[in-house]
Amino acid sequence: MAFPVPTSRDSYIVDFLPHASMDTVHHMLLFGCQTPISTSSYWDCGSVQGTCEDESSIMYAWARNAPPTKLPNDVGFKVGRNSGMSFFVLQIHYGDVNAFRDHHRDCSGLTLRMTLKPQPFIAGIYLLMSVDTVILPGKKVTNADVACDYDSYPIYPFAFRTHTHRLGKVVSGYRIRDGKWSLIGRQSPQLPQAFYPANKEVTVRYGDTMAARCVFTGEGRTSKTYIGGTSNDEMCNFYMMYYMESKHAIPFMSCMEPGSKELFRHIPDEANVPIAVSPGHMHSMMPVGNTADDQHLLKTTKAEPGLDLDYHLEQVSTWPQSSLQLGQVSGLALDSDSNLVIFHRGDHRWGTDSFNSQARYQQRSLGPIQQSTILVVAPANGRILKASGRNMFYLPHGITADKDNNYWVTDVALHQVLKVSSDGRDRTLLVLGEAFTPGSDINHFCQPTDVAVDPETGNIFVSDGYCNARILKFSADGTYLSQWGAGSSDRRRRTPFRIPHSLVLLPDRKEVCVADRENGRIQCFMAETGEFVKEIKNEEFGGEVFAITYSPAGDGLIFAVNGDSPYHSAPLRGFVLDYSTKQILDSFSPTQKEFKMPHDIIVSKDGSVFVGDAGSKAVYKFTAEKLHRSVKKAGIEVQELEEVEAFVQAKLKPPPNVLKTAAIKEKQTVAEKTPPVVEAEPRTSTPKSNKVDSVLPAIVVSLLLILLLVIVFIGVFMCWRKNQRNEMKIEPRSVGGVLGKIR
């Protein structure tokens with residue numbers, strides 16, 4: 001379906017928000033062009049050759065089980081007047097038509113977040129494509145090589161996508177400079193064909209060579225396979241999404257030259273190694289029927305109660321409804337009743353003189369904290385339900401609750417892990433470690449930071465800590481089982497933990513993850529064996545990750561907070577990450593005041609997120625606010641917030657055998673905010689309201705100018721009177737004297 005760009009002015013797409021059900025839609029593609037094949041209703045992309053009459057540029061893709069494409073800051077796709085793109089073309093592919101047999105109507109589509117503000121960098125697509133490859137039947141390996149010299153201004157790759165049909169095994173893209181091959185991206189084309197993050201260390205400049213290789217197999221075929229548009233043909237495409245300075249912007253570049261054998265004799269071996277794909281992924285990616293266009297994809301998430309990734313986390317400014325009177329907040333947990341448990345330090349502080357060089361606590365004379373260090377509060381309003389933990393702790397740190405509602409806590413001054421009852425009687429049920437005695441053997445800790453409890457086995461995991469670099473595993477009764485250090489996929493470059501600061505158990509995956517604070521990374525291990533699974537690291541963390549928690553929603557979400565780093569500059573905030581893809585899905589921070597030292601984070605079953613801040617001695621609550629969108633009507637909806645938001649949507653109603661028509665409407669509404677001065681389109685449908693909207697601001701501005709003139713006149717008059725009384729040497733009628741005093 002074709003949709004006109006909803007403004008005649010130059011505008012910039014800065015974000016894409018997919019709206020699709022994976023039960024209905026297999027994948028969606030968004031193209032931009034000047035002249036689409038049709039501008040009325042919709043057309044079958046399998047029966048009409050092409051998408052646009054002129055050259056189309058692919059801008060976005062959504063697919064099941066694939067990560068979302070996020071544009072970097074200050075980067076946008078230019079559309080509108082001078083861009084050569086006056087139409088969007090939305091292409092939707094359906095894997096199974098059974099959903100339409102009950103007269104189902106599909107409202108899948110995309111929200112395009114747009115702004116009129118010129119962006120410093122413009123996004124574009126570089127396509128490397130083979131056009132003459134022939135795959136012989138039965139031949140185990142056929143390589144399709146493409147290479148071109150780059151002769152334009154510098155570009156900065158940030159995402160890539162691979163595409164073949166059934167026979168493709170792996171597709172790799174490279175930049176070649178001075179004979180050295182640098183990988184831009186490598187992926188199996190049988191996995192969801194979305195845009196994946198590119199190697200950010202690679203830039204492309206004049207004189208470089210762009211190269212790509214597709215590896216095919218002809219096994220199972222009885223005749224030659226050629227490059228073509230149907231599912232029985234093959235394709236070899238490597239898409240690279242890049243940005244470049246706006247003054248040099250080129251929205252689309254391509255390369256179709258076959259690479260020389262001499263050049264590709266030096267291609268890295270990795271380009272020839274197929275990537276294993278599970279049968280489930282293979283089945284889901286099989287093309288259905290004949291299609292004349294390339295396909296591509298993006299991400300959706302399984303619906304979970306209370307947590308929807310079409311939401312953005314915003315602070316609940318009215319929470320808590322009354323002051324909690326907290327000290328440094330060190331830990332947060334949820335008990336089995338879904339109440340929030342806060343662990344804080346009362347009137348004790350961790351300062352530079354709290355420990356000596358041997359990590360021994362120097363302020364024992366202060367005695368234990370006399371206030372209640374453990375507060376149980378209602379997550380809805382912050383009302384205190386229960387208080388405990390008096391005269392027990394010196395410097396609290398981490399806390400978690402087991403299925404029996406016992407608290408497992410760490411105290412960095414005591415160098416101990418304690419199991420404490422939650423019945424208000426402050427009973428210590430189990431103690432690990434020797435009080436005030438740091439150590440690194442199996443009977444001692446050195447400033448342990450956090451505890452995670454396996455709800456099935458009762459085993460506990462301890463991150464240890466500020467002066468050790470390990471994770472220890474104990475049975476439910478405190479028997480030592482094992483320990484391990486940091487993991488790495490490359491054993492030759494294993495970087496030890498630098499303050500393993502926060503732990504979380506992933507029950508559905510049977511893994512335990514740790515926030516390796518000073519290394520600015522998250523590492524995950526098998527809970528049973530301690531075997532390293534994966535590492536998550538992102539430059540947006542700013543070099544430090546203080547705390548993490550987990551939700552099984554979708555394919556698994558990790559929530560994290562970062563911290564101040566002496567080596568990096570990044571704002572303090574929270575993050576929502578897709579566990580599988582490692583991509584940041586959302587970031588959040590308080591709206592009324594900034595984080596000072598976000599120290600722990602927890603997510604409730606309804607999707608509410610709580611962050612404990614040791615610096616501001618507060619706990620913040622964040623809930624998911626629905627993004628502005630509508631799926632009730634088809635077409636383009638412009639919502640004038642600080643940006644223009646275009647809603648591109650298909651609405652298909654199937655008659656008995658064929659999907660025939662689709663409504664395309666254009667609707668413009670006024671957001672519930674003060675409109676921006678620069679408008680993308682007329683915001684209302686009647687001349688009367690336009691007149692009111694234009695006259696009212698003029699009246700307000702006029703009144704403000706009159707008020708300003710009155711204030712200036714009064715100021716001049718007062719200065720003149722003062723000069724007349726106190727400084728008789730200055731001539732009262734002297735303009736220079738009066739203005740001098742004003743200055």
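Assorted remarks:
- Filter pass, Asp564 being part of a loop (DSSP other than H, G, I, E, B) and under 17 Å from the mean Cα position of the chain (by Cα): no
- Among the residues of the stretch 205-228, just one is among the aliphatic types (A, V, I, L, M) and modelled with pLDDT under 95, namely Ile227.
- The set of residues in the stretch 15-42 that are at pLDDT below 85, assigned to a strand (DSSP E or B) and surrounded by fewer than 20 Cβ atoms within 10 Å (Cβ to Cβ) contains only Leu17.
- Qualifying positions in the stretch 134-146 - surrounded by fewer than 20 Cβ atoms within 10 Å (Cβ to Cβ) and under 24 Å from Met241 (Cα atoms): Asn143
- Residue selected from the stretch 453-465 under the condition farther than 15 Å from Gly478 by Cβ and surrounded by 23 or more Cβ atoms within 10 Å (Cβ to Cβ), by the criterion modelled with the highest pLDDT: Ser463
- Residue satisfying all of: in the stretch 456-484; in a loop (DSSP other than H, G, I, E, B) and in contact with a Leu (Cβ under 8 Å, 6 or more places away or on another chain); nearest to Asp402 (Cα to Cα) among these: Asn459
- Meets criteria (under 27 Å from Val134 (Cα atoms), open to solvent by 10 Å² or more (accessible area, probe 1.4 Å) and touching a residue at least 40 places away in the same chain (Cβ under 8 Å)) for Arg213: yes
- Count of the stretch 69-82 residues which are part of a loop (DSSP other than H, G, I, E, B) and modelled with pLDDT of 85 or more: 4
- One residue stands out in the stretch 567-595 among those that are of a type in the set (D, E, K, R) and under 14 Å from the mean Cα position of the chain (by Cα): the one that is most open to solvent (accessible area, probe 1.4 Å), namely Lys582.
- Condition check for His397: surrounded by 21 or more Cβ atoms within 10 Å (Cβ to Cβ) and over 21 Å from Val603 (Cβ atoms): no
- Each residue in the stretch 497-543 was checked for being open to solvent by 10 Å² or more (accessible area, probe 1.4 Å) and either charged (D, E, K, R) or assigned to a helix (DSSP H, G or I) (or both), and 16 pass.
- Unmet criterion (only one of (1) open to solvent by 30 Å² or more (accessible area, probe 1.4 Å); (2) not in a helix (DSSP H, G or I)) for Gly487: (1)
- Which numbered condition Arg221 misses (of (1) assigned to a strand (DSSP E or B); (2) out of contact with any Cys (no Cβ under 8 Å at 6 or more places or on another chain)): (1)
- Pairs meeting the criteria (first residue in the stretch 600-616 and within 16 Å of Phe343 (Cβ to Cβ), second residue buried (at least 24 other Cβ atoms within 10 Å of the Cβ) and of a type in the set (Asp, Glu), beta carbons under 7 Å, at least 6 apart or on different chains) are Gly612/Asp600.
- Conditions (1) open to solvent by 20 Å² or more (accessible area, probe 1.4 Å); (2) of a type in the set (D, E, K, R); (3) touching a Phe, Trp or Tyr at 6+ places or on another chain (Cβ under 7 Å); number of the one not met by Arg161: (1)
- Residue match in the stretch 431-450 (condition: assigned to a strand (DSSP E or B) and surrounded by fewer than 22 Cβ atoms within 10 Å (Cβ to Cβ)): yes
- Residue in the stretch 236-247 that is of a type in the set (Gly, Ala, Ser), in contact with a strand residue (DSSP E or B) (Cβ under 7 Å, 6 or more places away or on another chain) and open to solvent by less than 50 Å² (accessible area, probe 1.4 Å) present: no
- Filter result (touching a residue at least 24 places away in the same chain (Cβ under 8 Å) and among the β-branched types (Val, Ile, Thr)) within the stretch 458-479: Ile460, Val462, Ile471
- The residues in the stretch 378-394 that are in contact with a strand residue (DSSP E or B) (Cβ under 7 Å, 6 or more places away or on another chain), surrounded by 15 or more Cβ atoms within 10 Å (Cβ to Cβ) and not hydrophobic (A, V, I, L, M, F, W, C) can be counted, and the count is 5.
- For the stretch 164-194, a residue qualifies if it is part of a strand (DSSP E or B), surrounded by 20 or more Cβ atoms within 10 Å (Cβ to Cβ) and within 28 Å of the chain's Cα centre (by Cα), and the qualifying residues are Val170, Val171, Ser172, Gly173, Tyr174, Arg175, Ile184, Gly185, Arg186, Gln187.
- Pairs, first over 30 Å from Ile250 (Cα atoms) in the stretch 120-147, second aliphatic (A, V, I, L, M) and open to solvent by 60 Å² or more (accessible area, probe 1.4 Å), C-beta under 9 Å, six or more apart: Thr142/Leu136
- Pro258 being closer than 19 Å to Val170 by Cβ and surrounded by fewer than 20 Cβ atoms within 10 Å (Cβ to Cβ): yes
- Among residues of the stretch 424-438 that are over 20 Å from Asp477 (Cβ atoms), those with a beta-carbon under 9 Å from a residue that is surrounded by fewer than 16 Cβ atoms within 10 Å (Cβ to Cβ) and among the aliphatic types (A, V, I, L, M) at least six positions away or on a different chain give the pairs Gly424/Ala387.
- Candidate set from the stretch 550-563 (those that are without any contact (Cβ under 8 Å) to a residue 60 or more places away in the chain and closer than 25 Å to Phe474 by Cα); member that is least open to solvent (accessible area, probe 1.4 Å): Ile558
- Residues that are at pLDDT below 80 and open to solvent by 10 Å² or more (accessible area, probe 1.4 Å), drawn from the stretch 56-68: Arg64, Asn65, Pro68
The values are calculated or read from the model by the stated rules, or taken from the named source; none is laboratory data. What you see is a predicted model; the values in this text were computed from it and never measured. Methodologically, a virtual Cβ is constructed for each residue, glycine included, from the backbone with ideal geometry; neighbour enumeration extends over all protein chains shown. With ligands, DNA and RNA removed, areas are computed over all heavy atoms of the protein, side chains included. Shrake-Rupley method; radii C 1.70, N 1.55, O 1.52, S 1.80 Å.
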